[in-house]
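The values are calculated or read from the model by the stated rules, or taken from the named source; none is laboratory data. Bear in mind the structure is a predicted one, so any value in this text is a computation, not a measurement. Cβ: placed from backbone, ideal geometry, glycine included. Neighbour counts: every protein chain shown.
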Amino acid sequence: MGSIPVVCLVFVCGLLVPVLGDKHSLYYIYTALSKDVTLPGIYEFTALGLLDDRAIDYYNSKEQVKIPKEDWMKEKMQPDYWDKGTQSRKSKEQWFKVNVEILMQRMGHNQTDLHILQWRHGCEIDEADGKHKFLKGIDEYSYDGKEFLSFDDENMRWIASVPEAQQTKSKWDEVTILNQYTKGYLEKECVDWLSKFMQYGKEAVRKPSKPEVHAFAKKSTTNSGRLTLTCLATGFYPKDVTLDVRKFRTSVPEHLLTSSGIRPNDDGTYQLRKSVDIQVDETAEYDCYVNHSTLAEPIITKWDKMCFDCQSSGSGAVGPVIGGVVGLLLIIGLIIFVLIKKGIIANPCSGNATPGVQAPPNGVASDGGSKDSVVTLIEEQTALTAEAYTQIIGTPEQRK
């Protein structure tokens, strides 16, 4: 099976925040392209399930099979769950294919440029004393990275984010039973699946894993006369870790550092990175000091005083050393930026036609089954805000 394509995670960068306290989330993300771009890892249609920002299932238009991304999902869910999920994904793929074409026609866009339709839906809960309290449900769409249409769960109606979505809003609001179903799904069915998946995940015992530690530098995105030195610890479990950026073996004060916070990798491990801006001609000795419960003694990784992108205009050297979801997000930003510059992807639409999208794919019928440095870097390199990528996830698709 293919790996998770970078495009399917475009809108997630605004969502990747560490799960704090007892809050948990279940979302599904769907991304459809108007045409094949023949780039590795990028497909015309993808669907990704996320439990607390960690991938639990995946589908793309090439393999056309819904597969588990966590061992416990494979062990706990019966074969018919995956069979029904595959059929559901295929159905949604066709829905998206039709509606991408409809929106392109309504927007006055031609078939030459690449356009993207996305959908996300899901829910968030608070867990206390073994009980789960519904916090919010999200069901929203975007077109070419711009907010298009979203569901107001409290008032049970659709909200048009742009004038072009008004006709679709009116059309969908006329179907009262659809809005009732959507509200019930977000507040009840999604929460049921989220609770079930949480329990399954807790039952899966994970072995402790030692961190890998990397020290690297690249040109600063804000000051041409400086470098950004980064210490990255990744692949560790459990999640508690100590990471210090040191100068001459003395820890750099935290207020001078930019931290990603501890984030999940897609294999169940975690990562943390901290960065500091230094002079281009810095002569001081810098190293990364990492301590973890799996280590007999701390890991100390020295910076080799090399700069990955100082000899070229590219900045892709960071990608290979950053694992997991955050690494994919960084790659996404770079790829989308290149596609826009080459004219393969159109910039956020400026058309004034009114799209008339067909009934949403989660209709009455059963489905079958704080801004950190990473986000800031993506925004700077793509000139697109994180908010513009917050448009489409999904929830328990295995509705029975």
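Overview of results
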item	result
Where a residue in segment 261-288 is under 30 Å from Met73 (Cα atoms) and its partner, wherever it lies, is among the basic types (Lys, Arg), with Cβ under 6 Å and at least six apart	Ile262/Lys239; Pro264/Arg54; Gly268/Arg206; Tyr270/Lys239; Gln271/Arg263
Subset of segment 154-213 (residues that are in a helix (DSSP H, G or I), among the β-branched types (Val, Ile, Thr) and more than 26 Å from the chain's Cα centre (by Cα))	Thr168, Thr176, Ile177
Breaking point among (1) touching a Leu at 6+ places or on another chain (Cβ under 7 Å); (2) more than 27 Å from Asp52 (Cβ to Cβ), for Gly122	(2)
Within segment 235-245, considering residues that are at pLDDT below 95 and not aromatic (Phe, Trp, Tyr), the one surrounded by the fewest Cβ atoms within 10 Å (Cβ to Cβ)	Asp240
Qualifying residue in segment 246-255 (condition: modelled with pLDDT of 95 or more and more than 26 Å from Asp281 (Cβ to Cβ))	no
Members of segment 38-74 that are acidic (Asp, Glu) and under 20 Å from Ser195 (Cα atoms)	Asp52, Asp53, Asp57, Glu70, Asp71
